[in-house]
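**Q** Would you mind keeping the following structure in view while I ask a few things?
The values are calculated or read from the model by the stated rules, or taken from the named source; none is laboratory data. Small disclaimer: the values here were computed from a predicted structure and weren't measured. Ideal geometry is used to build each Cβ from the backbone, glycine not excepted, and the neighbour counts take in all protein chains shown. All accessible areas refer to the heavy atoms of the entire protein, side chains included, with ligands and DNA or RNA removed. Shrake-Rupley method; radii C 1.70, N 1.55, O 1.52, S 1.80 Å.
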Amino acid sequence: MFPTKNSAPSSSRSREEEDQTGVNEKAEHIGKEVSPIALTAQEERRIWRKVDLRLMPILSLIYLLSVMDKGNIGNAKLEGLVTQLNLTGNRYNIALTMYYIPYCVFEFPCNLLLKVVRPSRWLPGLAILWGIVMALMSLVKTYPQLVTVRVCLGIAEAGLFPGIAYYLTFWYPRNMLQFHIALFSGAASLAGAFSGLLAYAISYLNGKGGLEGWAWIFLIEGLATVAVGILAHFVLADFPQTAKFLTAEERAFVVAKNKYDHSPSGEEDRFEARHVWAAFTDWQVWMHILILISVDAAIFGITLFLPLIQSSTGMLHLLFLRASAYILAVPCSFGYSTTISQLLTVPPYVVATACTITAAYYSDKLGIRSPFILAGLVACVVGYLINISDAPAGVKYFGTFFCVAGSYSAGPGAIAWLGNNLVGEYKRAVGMALQIAMGNFTGAIVSNIYRSQDSPRFILGHALELMFVGIGLVCVPIVVLLYRRINNQRDRLWQKGEGRDSGGDASDFRYML
(Lines give C-alpha, C1' and ligand atoms only; values in the text may rest on other atoms or scores of the structure.)
Protein backbone atom coordinates (compact mmCIF):
# COMPACT_ATOMS: atom_id res chain seq x y z
CA MET A 1 0.00 0.00 0.00
CA PHE A 2 1.24 3.54 -0.73
CA PRO A 3 2.00 5.74 2.25
CA THR A 4 -0.21 8.76 1.85
CA LYS A 5 1.46 11.88 0.50
CA ASN A 6 -1.04 14.18 2.18
CA SER A 7 0.31 15.51 5.41
CA ALA A 8 -2.96 16.92 6.67
CA PRO A 9 -3.88 16.51 10.37
CA SER A 10 -4.65 12.95 11.43
CA SER A 11 -8.34 13.70 11.93
CA SER A 12 -8.59 14.74 8.31
CA ARG A 13 -6.85 11.59 7.16
CA SER A 14 -9.07 9.33 9.22
CA ARG A 15 -12.18 10.54 7.44
CA GLU A 16 -10.70 9.53 4.10
CA GLU A 17 -8.83 6.44 5.29
CA GLU A 18 -11.35 3.86 4.13
CA ASP A 19 -11.69 5.29 0.65
CA GLN A 20 -7.94 5.95 0.42
CA THR A 21 -7.13 2.32 1.23
CA GLY A 22 -9.02 1.16 -1.82
CA VAL A 23 -7.40 3.80 -4.00
CA ASN A 24 -3.89 2.86 -2.91
CA GLU A 25 -4.47 -0.87 -3.28
CA LYS A 26 -5.75 -0.32 -6.80
CA ALA A 27 -2.77 1.92 -7.56
CA GLU A 28 -0.36 -0.73 -6.27
CA HIS A 29 -2.01 -3.29 -8.48
CA ILE A 30 -1.86 -1.04 -11.54
CA GLY A 31 1.82 -0.31 -10.98
CA LYS A 32 2.80 -3.96 -10.82
CA GLU A 33 0.65 -5.12 -13.69
CA VAL A 34 1.22 -2.03 -15.86
CA SER A 35 -2.51 -1.34 -16.36
CA PRO A 36 -4.97 -4.12 -15.43
CA ILE A 37 -7.78 -1.58 -15.72
CA ALA A 38 -7.02 -1.72 -19.44
CA LEU A 39 -7.48 1.92 -20.18
CA THR A 40 -7.50 2.89 -23.80
CA ALA A 41 -5.28 5.66 -25.11
CA GLN A 42 -8.36 7.87 -25.38
CA GLU A 43 -9.31 7.19 -21.75
CA GLU A 44 -5.79 8.03 -20.60
CA ARG A 45 -5.86 11.28 -22.55
CA ARG A 46 -9.18 12.12 -20.94
CA ILE A 47 -7.69 11.64 -17.45
CA TRP A 48 -4.65 13.79 -18.21
CA ARG A 49 -6.88 16.43 -19.74
CA LYS A 50 -8.87 16.60 -16.50
CA VAL A 51 -5.67 16.99 -14.51
CA ASP A 52 -4.33 19.62 -16.92
CA LEU A 53 -7.48 21.73 -16.81
CA ARG A 54 -7.56 21.66 -13.02
CA LEU A 55 -3.89 22.42 -12.34
CA MET A 56 -2.14 24.14 -15.23
CA PRO A 57 -4.21 27.33 -15.77
CA ILE A 58 -4.03 28.44 -12.13
CA LEU A 59 -0.37 27.43 -11.73
CA SER A 60 0.56 29.29 -14.91
CA LEU A 61 -1.33 32.39 -13.77
CA ILE A 62 0.33 32.37 -10.35
CA TYR A 63 3.78 32.02 -11.87
CA LEU A 64 3.07 34.66 -14.50
CA LEU A 65 2.29 37.11 -11.72
CA SER A 66 5.37 36.00 -9.81
CA VAL A 67 7.67 36.80 -12.71
CA MET A 68 5.90 40.09 -13.37
CA ASP A 69 6.24 41.11 -9.73
CA LYS A 70 9.88 40.08 -9.65
CA GLY A 71 10.86 41.91 -12.83
CA ASN A 72 8.54 44.92 -12.89
CA ILE A 73 11.21 46.99 -11.16
CA GLY A 74 12.82 47.25 -14.60
CA ASN A 75 9.62 48.81 -15.96
CA ALA A 76 9.33 50.98 -12.86
CA LYS A 77 12.84 52.28 -13.50
CA LEU A 78 11.70 53.58 -16.86
CA GLU A 79 8.77 55.31 -15.15
CA GLY A 80 10.94 57.39 -12.81
CA LEU A 81 11.76 55.08 -9.89
CA VAL A 82 15.46 55.99 -9.99
CA THR A 83 14.82 59.71 -9.93
CA GLN A 84 12.12 59.69 -7.27
CA LEU A 85 14.08 57.49 -4.84
CA ASN A 86 17.47 59.01 -5.68
CA LEU A 87 18.99 55.68 -6.72
CA THR A 88 22.40 57.08 -7.56
CA GLY A 89 25.50 55.01 -8.28
CA ASN A 90 24.91 51.30 -7.85
CA ARG A 91 21.88 51.61 -5.57
CA TYR A 92 19.49 50.24 -8.19
CA ASN A 93 21.71 47.19 -8.72
CA ILE A 94 21.94 46.60 -4.97
CA ALA A 95 18.15 46.71 -4.72
CA LEU A 96 17.98 44.01 -7.39
CA THR A 97 20.63 41.91 -5.67
CA MET A 98 18.98 42.00 -2.25
CA TYR A 99 15.94 40.24 -3.68
CA TYR A 100 17.88 37.19 -4.82
CA ILE A 101 19.85 36.46 -1.65
CA PRO A 102 16.86 35.53 0.56
CA TYR A 103 15.09 34.12 -2.50
CA CYS A 104 17.83 31.52 -2.92
CA VAL A 105 18.39 30.83 0.78
CA PHE A 106 14.74 30.02 1.50
CA GLU A 107 14.04 27.82 -1.55
CA PHE A 108 15.49 24.65 -0.06
CA PRO A 109 13.45 24.55 3.20
CA CYS A 110 10.33 25.71 1.36
CA ASN A 111 10.22 22.55 -0.76
CA LEU A 112 10.17 20.36 2.32
CA LEU A 113 7.41 22.48 3.85
CA LEU A 114 5.22 22.05 0.77
CA LYS A 115 4.19 18.52 1.73
CA VAL A 116 3.70 19.43 5.38
CA VAL A 117 1.51 22.49 4.82
CA ARG A 118 -0.18 21.02 1.70
CA PRO A 119 0.11 22.52 -1.81
CA SER A 120 -3.42 23.96 -1.86
CA ARG A 121 -2.51 26.10 1.14
CA TRP A 122 1.21 26.64 0.63
CA LEU A 123 1.34 27.85 -2.98
CA PRO A 124 -1.69 30.19 -2.78
CA GLY A 125 -0.47 31.42 0.60
CA LEU A 126 2.83 32.45 -0.94
CA ALA A 127 1.00 34.34 -3.70
CA ILE A 128 -1.12 36.25 -1.19
CA LEU A 129 1.93 37.09 0.91
CA TRP A 130 4.13 38.44 -1.88
CA GLY A 131 1.14 40.23 -3.44
CA ILE A 132 0.76 42.19 -0.20
CA VAL A 133 4.48 42.96 -0.18
CA MET A 134 4.35 44.09 -3.81
CA ALA A 135 1.40 46.41 -3.14
CA LEU A 136 3.23 47.93 -0.18
CA MET A 137 6.20 48.63 -2.44
CA SER A 138 4.13 51.42 -3.98
CA LEU A 139 4.47 53.31 -0.70
CA VAL A 140 8.27 53.35 -0.45
CA LYS A 141 9.83 56.80 -0.30
CA THR A 142 13.52 56.08 0.29
CA TYR A 143 16.27 53.76 -0.89
CA PRO A 144 16.50 51.79 2.42
CA GLN A 145 12.75 51.19 2.30
CA LEU A 146 13.04 49.85 -1.26
CA VAL A 147 15.82 47.44 -0.28
CA THR A 148 13.85 46.22 2.75
CA VAL A 149 10.73 45.52 0.74
CA ARG A 150 12.77 43.77 -2.00
CA VAL A 151 14.22 41.46 0.68
CA CYS A 152 10.71 40.66 1.93
CA LEU A 153 9.59 39.99 -1.63
CA GLY A 154 12.45 37.54 -2.12
CA ILE A 155 11.49 35.64 1.03
CA ALA A 156 7.82 35.51 0.05
CA GLU A 157 8.43 34.26 -3.50
CA ALA A 158 11.20 31.78 -2.62
CA GLY A 159 9.03 28.68 -2.41
CA LEU A 160 6.98 29.16 -5.56
CA PHE A 161 9.04 28.02 -8.54
CA PRO A 162 10.72 24.98 -6.91
CA GLY A 163 7.42 24.21 -5.21
CA ILE A 164 5.46 24.09 -8.47
CA ALA A 165 8.19 22.09 -10.24
CA TYR A 166 8.25 19.56 -7.39
CA TYR A 167 4.46 19.53 -7.15
CA LEU A 168 4.16 18.55 -10.81
CA THR A 169 6.32 15.46 -10.20
CA PHE A 170 3.51 14.18 -7.95
CA TRP A 171 1.15 14.23 -10.91
CA TYR A 172 2.99 13.63 -14.18
CA PRO A 173 5.31 10.82 -15.34
CA ARG A 174 8.76 11.52 -16.73
CA ASN A 175 7.77 11.75 -20.38
CA MET A 176 5.19 14.44 -19.59
CA LEU A 177 7.11 16.56 -17.11
CA GLN A 178 8.94 19.06 -19.31
CA PHE A 179 5.87 20.00 -21.30
CA HIS A 180 3.98 20.83 -18.12
CA ILE A 181 6.90 22.69 -16.60
CA ALA A 182 7.04 24.61 -19.88
CA LEU A 183 3.33 25.42 -19.65
CA PHE A 184 3.70 27.23 -16.35
CA SER A 185 7.23 28.55 -16.87
CA GLY A 186 6.20 29.69 -20.34
CA ALA A 187 4.12 32.12 -18.35
CA ALA A 188 7.44 33.74 -17.48
CA SER A 189 8.05 34.70 -21.08
CA LEU A 190 4.45 35.87 -21.40
CA ALA A 191 5.01 37.88 -18.23
CA GLY A 192 7.68 39.81 -20.06
CA ALA A 193 5.14 40.72 -22.71
CA PHE A 194 2.31 41.48 -20.28
CA SER A 195 4.60 43.45 -17.99
CA GLY A 196 5.56 45.78 -20.82
CA LEU A 197 1.97 46.20 -21.98
CA LEU A 198 0.67 46.69 -18.45
CA ALA A 199 3.40 49.16 -17.59
CA TYR A 200 2.52 51.09 -20.75
CA ALA A 201 -1.16 51.23 -19.75
CA ILE A 202 -0.46 52.05 -16.11
CA SER A 203 1.85 54.89 -17.11
CA TYR A 204 -1.28 56.94 -17.88
CA LEU A 205 -2.13 56.86 -14.15
CA ASN A 206 0.99 58.86 -13.37
CA GLY A 207 0.10 61.49 -10.76
CA LYS A 208 -3.35 60.04 -10.01
CA GLY A 209 -4.09 59.68 -6.31
CA GLY A 210 -0.76 61.25 -5.47
CA LEU A 211 1.18 58.23 -6.80
CA GLU A 212 3.85 58.19 -9.46
CA GLY A 213 3.55 55.88 -12.48
CA TRP A 214 6.06 53.40 -11.03
CA ALA A 215 4.09 53.22 -7.76
CA TRP A 216 0.90 52.39 -9.65
CA ILE A 217 2.74 49.49 -11.35
CA PHE A 218 3.60 47.97 -7.96
CA LEU A 219 0.16 48.59 -6.45
CA ILE A 220 -1.99 47.22 -9.28
CA GLU A 221 0.15 44.14 -9.92
CA GLY A 222 0.36 43.42 -6.18
CA LEU A 223 -3.42 43.55 -5.68
CA ALA A 224 -3.95 41.33 -8.74
CA THR A 225 -1.60 38.74 -7.21
CA VAL A 226 -3.53 38.72 -3.92
CA ALA A 227 -6.79 38.11 -5.78
CA VAL A 228 -5.33 35.22 -7.78
CA GLY A 229 -3.82 33.70 -4.63
CA ILE A 230 -7.23 33.62 -2.96
CA LEU A 231 -8.75 31.99 -6.05
CA ALA A 232 -5.97 29.39 -6.21
CA HIS A 233 -6.74 28.14 -2.71
CA PHE A 234 -10.15 26.93 -3.91
CA VAL A 235 -8.89 25.51 -7.22
CA LEU A 236 -5.69 23.58 -6.48
CA ALA A 237 -5.81 19.93 -5.46
CA ASP A 238 -3.20 18.62 -3.06
CA PHE A 239 -2.15 15.19 -4.32
CA PRO A 240 -3.47 12.56 -6.77
CA GLN A 241 -4.48 10.30 -3.87
CA THR A 242 -6.96 12.84 -2.54
CA ALA A 243 -8.03 14.61 -5.73
CA LYS A 244 -11.81 14.81 -5.49
CA PHE A 245 -12.16 15.91 -9.12
CA LEU A 246 -10.96 12.42 -10.17
CA THR A 247 -12.79 9.13 -9.69
CA ALA A 248 -11.23 6.39 -7.54
CA GLU A 249 -10.09 4.53 -10.65
CA GLU A 250 -8.58 7.70 -12.15
CA ARG A 251 -6.77 8.47 -8.89
CA ALA A 252 -5.34 4.97 -8.82
CA PHE A 253 -4.11 5.31 -12.40
CA VAL A 254 -2.36 8.66 -11.80
CA VAL A 255 -0.79 7.48 -8.52
CA ALA A 256 0.61 4.34 -10.13
CA LYS A 257 1.88 6.18 -13.18
CA ASN A 258 3.81 8.50 -10.88
CA LYS A 259 5.08 5.96 -8.35
CA TYR A 260 6.32 3.34 -10.81
CA ASP A 261 7.45 5.67 -13.57
CA HIS A 262 11.04 6.05 -12.35
CA SER A 263 11.55 2.40 -11.47
CA PRO A 264 9.45 -0.79 -11.67
CA SER A 265 10.30 -1.32 -7.99
CA GLY A 266 8.59 1.94 -7.07
CA GLU A 267 9.73 4.94 -5.03
CA GLU A 268 10.26 5.30 -1.32
CA ASP A 269 8.25 8.29 -0.14
CA ARG A 270 8.93 8.30 3.62
CA PHE A 271 11.18 11.16 4.74
CA GLU A 272 14.55 10.37 6.29
CA ALA A 273 17.56 12.59 6.85
CA ARG A 274 19.63 10.43 4.50
CA HIS A 275 17.53 11.68 1.56
CA VAL A 276 18.87 15.18 2.14
CA TRP A 277 22.44 13.93 2.31
CA ALA A 278 21.91 11.79 -0.80
CA ALA A 279 20.84 14.85 -2.78
CA PHE A 280 23.77 16.96 -1.60
CA THR A 281 26.31 14.26 -2.46
CA ASP A 282 24.87 13.21 -5.84
CA TRP A 283 27.20 14.24 -8.68
CA GLN A 284 24.36 14.76 -11.11
CA VAL A 285 22.72 17.39 -8.87
CA TRP A 286 25.85 19.55 -9.02
CA MET A 287 26.33 19.08 -12.75
CA HIS A 288 22.73 20.06 -13.35
CA ILE A 289 23.22 23.07 -11.09
CA LEU A 290 25.95 24.30 -13.45
CA ILE A 291 23.63 23.76 -16.42
CA LEU A 292 20.77 25.70 -14.82
CA ILE A 293 23.15 28.47 -13.74
CA SER A 294 24.09 28.81 -17.41
CA VAL A 295 20.45 29.06 -18.48
CA ASP A 296 19.26 31.24 -15.60
CA ALA A 297 22.03 33.77 -16.11
CA ALA A 298 20.74 34.37 -19.63
CA ILE A 299 17.11 34.50 -18.43
CA PHE A 300 17.74 36.96 -15.61
CA GLY A 301 19.98 39.14 -17.71
CA ILE A 302 17.49 39.58 -20.51
CA THR A 303 14.47 39.85 -18.17
CA LEU A 304 15.86 42.55 -15.91
CA PHE A 305 17.59 44.60 -18.54
CA LEU A 306 15.76 44.15 -21.84
CA PRO A 307 13.86 47.47 -21.41
CA LEU A 308 17.10 49.25 -20.53
CA ILE A 309 19.10 47.67 -23.35
CA GLN A 310 16.40 48.59 -25.84
CA SER A 311 16.07 52.14 -24.51
CA SER A 312 19.76 52.71 -25.14
CA THR A 313 19.99 51.26 -28.65
CA GLY A 314 17.56 53.52 -30.43
CA MET A 315 15.09 50.93 -31.69
CA LEU A 316 12.61 53.66 -32.46
CA HIS A 317 14.81 54.57 -35.41
CA LEU A 318 14.41 51.07 -36.79
CA LEU A 319 10.74 50.42 -36.11
CA PHE A 320 9.18 53.82 -36.58
CA LEU A 321 11.54 55.69 -38.86
CA ARG A 322 9.58 55.22 -42.05
CA ALA A 323 6.23 55.67 -40.35
CA SER A 324 7.47 58.93 -38.85
CA ALA A 325 8.87 60.21 -42.10
CA TYR A 326 6.03 59.28 -44.40
CA ILE A 327 2.96 59.38 -42.19
CA LEU A 328 3.63 61.71 -39.30
CA ALA A 329 6.26 63.88 -40.98
CA VAL A 330 8.22 63.96 -37.72
CA PRO A 331 12.00 64.41 -37.77
CA CYS A 332 13.79 61.11 -37.24
CA SER A 333 16.34 60.60 -34.50
CA PHE A 334 17.86 57.93 -32.34
CA GLY A 335 16.61 57.35 -28.79
CA TYR A 336 12.96 56.92 -27.97
CA SER A 337 10.35 57.41 -25.32
CA THR A 338 9.65 55.26 -22.29
CA THR A 339 6.31 54.25 -23.81
CA ILE A 340 7.91 52.74 -26.90
CA SER A 341 10.58 51.09 -24.76
CA GLN A 342 7.87 49.31 -22.76
CA LEU A 343 6.06 48.15 -25.91
CA LEU A 344 9.19 46.86 -27.63
CA THR A 345 9.75 44.33 -24.85
CA VAL A 346 6.60 42.48 -25.94
CA PRO A 347 7.47 40.74 -29.28
CA PRO A 348 10.58 38.85 -28.05
CA TYR A 349 8.62 37.31 -25.19
CA VAL A 350 5.75 36.23 -27.44
CA VAL A 351 8.24 34.42 -29.68
CA ALA A 352 9.93 32.92 -26.62
CA THR A 353 6.65 31.47 -25.36
CA ALA A 354 6.02 29.70 -28.66
CA CYS A 355 9.58 28.32 -28.72
CA THR A 356 9.34 27.14 -25.10
CA ILE A 357 6.13 25.17 -25.63
CA THR A 358 7.31 23.70 -28.95
CA ALA A 359 10.66 22.55 -27.55
CA ALA A 360 8.99 20.98 -24.51
CA TYR A 361 6.41 19.14 -26.61
CA TYR A 362 9.01 17.49 -28.82
CA SER A 363 11.37 16.84 -25.92
CA ASP A 364 8.66 14.86 -24.11
CA LYS A 365 7.54 13.15 -27.29
CA LEU A 366 11.06 12.00 -28.15
CA GLY A 367 11.97 11.30 -24.51
CA ILE A 368 15.21 13.26 -24.64
CA ARG A 369 16.29 16.53 -23.02
CA SER A 370 19.89 17.44 -23.89
CA PRO A 371 19.56 18.39 -27.61
CA PHE A 372 16.86 20.96 -26.84
CA ILE A 373 18.87 22.47 -23.98
CA LEU A 374 21.92 22.72 -26.25
CA ALA A 375 19.84 24.34 -28.99
CA GLY A 376 18.60 26.98 -26.55
CA LEU A 377 22.12 27.72 -25.34
CA VAL A 378 23.40 28.05 -28.90
CA ALA A 379 20.60 30.54 -29.63
CA CYS A 380 21.72 32.55 -26.58
CA VAL A 381 25.28 32.62 -27.89
CA VAL A 382 24.04 33.97 -31.23
CA GLY A 383 21.90 36.62 -29.52
CA TYR A 384 24.58 37.87 -27.15
CA LEU A 385 27.25 37.90 -29.86
CA ILE A 386 24.98 40.12 -31.94
CA ASN A 387 24.36 42.46 -29.02
CA ILE A 388 28.00 42.70 -27.95
CA SER A 389 28.96 43.69 -31.48
CA ASP A 390 28.81 47.15 -33.00
CA ALA A 391 25.87 46.15 -35.20
CA PRO A 392 23.08 48.60 -36.06
CA ALA A 393 20.22 49.03 -33.58
CA GLY A 394 17.80 46.98 -35.65
CA VAL A 395 20.16 44.01 -35.81
CA LYS A 396 20.63 44.15 -32.04
CA TYR A 397 16.89 44.10 -31.49
CA PHE A 398 16.77 41.01 -33.70
CA GLY A 399 19.46 39.51 -31.49
CA THR A 400 17.35 39.93 -28.37
CA PHE A 401 14.85 37.48 -29.86
CA PHE A 402 17.56 34.79 -29.83
CA CYS A 403 18.50 35.62 -26.22
CA VAL A 404 14.93 35.48 -24.91
CA ALA A 405 13.76 32.48 -26.95
CA GLY A 406 16.91 30.45 -26.34
CA SER A 407 17.09 30.99 -22.59
CA TYR A 408 13.39 30.50 -21.89
CA SER A 409 13.10 27.36 -24.04
CA ALA A 410 16.13 25.74 -22.34
CA GLY A 411 14.94 26.46 -18.78
CA PRO A 412 12.13 23.87 -18.45
CA GLY A 413 14.34 21.20 -20.00
CA ALA A 414 17.15 21.85 -17.55
CA ILE A 415 14.78 21.52 -14.59
CA ALA A 416 12.84 18.54 -15.94
CA TRP A 417 16.07 16.71 -16.79
CA LEU A 418 17.18 16.57 -13.16
CA GLY A 419 13.65 15.88 -11.92
CA ASN A 420 13.45 12.94 -14.34
CA ASN A 421 16.69 11.43 -13.09
CA LEU A 422 16.30 11.72 -9.31
CA VAL A 423 14.48 8.81 -7.68
CA GLY A 424 12.75 9.17 -4.34
CA GLU A 425 10.28 11.92 -3.51
CA TYR A 426 12.33 13.64 -0.83
CA LYS A 427 15.65 13.30 -2.61
CA ARG A 428 13.95 14.84 -5.64
CA ALA A 429 12.49 17.63 -3.49
CA VAL A 430 15.90 18.50 -2.06
CA GLY A 431 17.78 18.07 -5.33
CA MET A 432 15.39 20.18 -7.39
CA ALA A 433 15.21 22.91 -4.73
CA LEU A 434 19.00 23.00 -4.50
CA GLN A 435 19.35 23.19 -8.28
CA ILE A 436 16.78 25.96 -8.64
CA ALA A 437 18.15 27.91 -5.66
CA MET A 438 21.70 27.89 -7.01
CA GLY A 439 20.42 28.74 -10.47
CA ASN A 440 18.45 31.67 -9.13
CA PHE A 441 21.49 32.95 -7.26
CA THR A 442 22.84 34.02 -10.64
CA GLY A 443 20.18 36.72 -10.47
CA ALA A 444 22.23 38.38 -7.74
CA ILE A 445 25.26 38.32 -10.03
CA VAL A 446 23.49 39.41 -13.19
CA SER A 447 21.88 42.30 -11.31
CA ASN A 448 25.32 43.90 -11.11
CA ILE A 449 26.85 43.25 -14.53
CA TYR A 450 24.73 45.61 -16.62
CA ARG A 451 26.01 48.97 -15.46
CA SER A 452 24.67 52.31 -16.60
CA GLN A 453 28.16 53.49 -17.53
CA ASP A 454 28.42 50.63 -20.05
CA SER A 455 25.46 51.90 -22.08
CA PRO A 456 24.67 51.54 -24.94
CA ARG A 457 26.71 48.42 -25.81
CA PHE A 458 26.91 46.82 -22.34
CA ILE A 459 30.06 44.95 -23.36
CA LEU A 460 30.85 43.72 -19.83
CA GLY A 461 27.34 42.38 -19.24
CA HIS A 462 27.09 40.61 -22.58
CA ALA A 463 30.60 39.14 -22.25
CA LEU A 464 29.81 37.66 -18.83
CA GLU A 465 26.54 36.28 -20.18
CA LEU A 466 28.51 34.51 -22.92
CA MET A 467 30.78 33.05 -20.24
CA PHE A 468 27.81 31.65 -18.32
CA VAL A 469 26.26 30.18 -21.47
CA GLY A 470 29.62 28.59 -22.29
CA ILE A 471 29.52 26.72 -18.97
CA GLY A 472 26.30 25.04 -20.05
CA LEU A 473 27.64 24.20 -23.49
CA VAL A 474 30.49 22.32 -21.79
CA CYS A 475 28.47 20.63 -19.02
CA VAL A 476 25.56 19.28 -21.07
CA PRO A 477 27.69 16.96 -23.27
CA ILE A 478 29.63 15.78 -20.20
CA VAL A 479 26.41 14.82 -18.39
CA VAL A 480 25.13 13.01 -21.49
CA LEU A 481 28.34 10.97 -21.75
CA LEU A 482 28.20 10.04 -18.05
CA TYR A 483 24.53 9.06 -18.22
CA ARG A 484 25.13 7.00 -21.34
CA ARG A 485 28.03 5.19 -19.70
CA ILE A 486 25.98 4.37 -16.57
CA ASN A 487 23.01 3.20 -18.64
CA ASN A 488 25.26 0.89 -20.65
CA GLN A 489 26.74 -0.55 -17.46
CA ARG A 490 23.26 -1.21 -16.09
CA ASP A 491 22.21 -2.85 -19.32
CA ARG A 492 25.07 -5.33 -18.88
CA LEU A 493 24.21 -5.92 -15.21
CA TRP A 494 20.57 -6.46 -16.06
CA GLN A 495 21.47 -9.04 -18.67
CA LYS A 496 23.53 -10.89 -16.04
CA GLY A 497 20.66 -10.81 -13.58
CA GLU A 498 22.65 -8.73 -11.09
CA GLY A 499 20.22 -5.82 -10.84
CA ARG A 500 19.07 -4.31 -7.57
CA ASP A 501 15.77 -2.64 -6.83
CA SER A 502 16.65 0.22 -4.53
CA GLY A 503 15.67 3.32 -6.47
CA GLY A 504 18.15 5.42 -8.40
CA ASP A 505 21.01 2.92 -7.98
CA ALA A 506 18.96 0.07 -9.36
CA SER A 507 19.91 -1.49 -12.65
CA ASP A 508 16.27 -1.30 -13.74
CA PHE A 509 16.49 2.51 -13.75
CA ARG A 510 17.72 4.31 -16.86
CA TYR A 511 18.76 7.94 -16.94
CA MET A 512 16.98 10.10 -19.47
CA LEU A 513 19.37 11.72 -21.93
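**Q** Kindly evaluate Leu418 against the criterion of being touching a residue at least 12 places away in the same chain (Cβ under 8 Å) and closer than 23 Å to Val255 by Cα. Let's see the steps before the verdict.
**A** Numbers: touching a residue at least 12 places away in the same chain (Cβ under 8 Å): yes; closer than 23 Å to Val255 by Cα: yes.
In short, yes.
**Q** Still on this model: Name the single residue that is modelled with the lowest pLDDT among those in region 415-436 being in a helix (DSSP H, G or I) and open to solvent by 10 Å² or more (accessible area, probe 1.4 Å).
**A** So the residue we want is Tyr426.
**Q** Let me ask something else. Got a sec? Which of Glu16, Glu79, Glu43, Glu28 is among the charged types (D, E, K, R), modelled with pLDDT of 75 or more and crowded, with 16+ Cβ neighbours inside 10 Å?
**A** Numbers: Glu16 fails: modelled with pLDDT of 75 or more; Glu43 fails: crowded, with 16+ Cβ neighbours inside 10 Å; Glu28 fails: modelled with pLDDT of 75 or more.
Only one candidate qualifies: Glu79.
**Q** Any chance you could count how many residues in region 384-414 are over 21 Å from the mean Cα position of the chain (by Cα) and either without any contact (Cβ under 8 Å) to a residue 40 or more places away in the chain or part of a helix (DSSP H, G or I) (or both)? Steps first, please.
**A** First, pick out the residues of region 384-414 that are over 21 Å from the mean Cα position of the chain (by Cα): 384-399.
Pick out the ones that are also either without any contact (Cβ under 8 Å) to a residue 40 or more places away in the chain or part of a helix (DSSP H, G or I) (or both) and you get 384-389, 391, 393-399.
The number of residues fulfilling the criteria is 14.
**Q** If you don't mind, there's one more thing I want to ask. Select from region 263-299 the residues that are within 14 Å of Ala414 (Cβ to Cβ) and at pLDDT below 70 and list them in ascending order. Break it down stepwise before answering.
**A** Start the filter on region 263-299 by keeping residues that are within 14 Å of Ala414 (Cβ to Cβ), which leaves 284-299.
If the condition is that a residue be within 14 Å of Ala414 (Cβ to Cβ) and at pLDDT below 70, then no residue fits.
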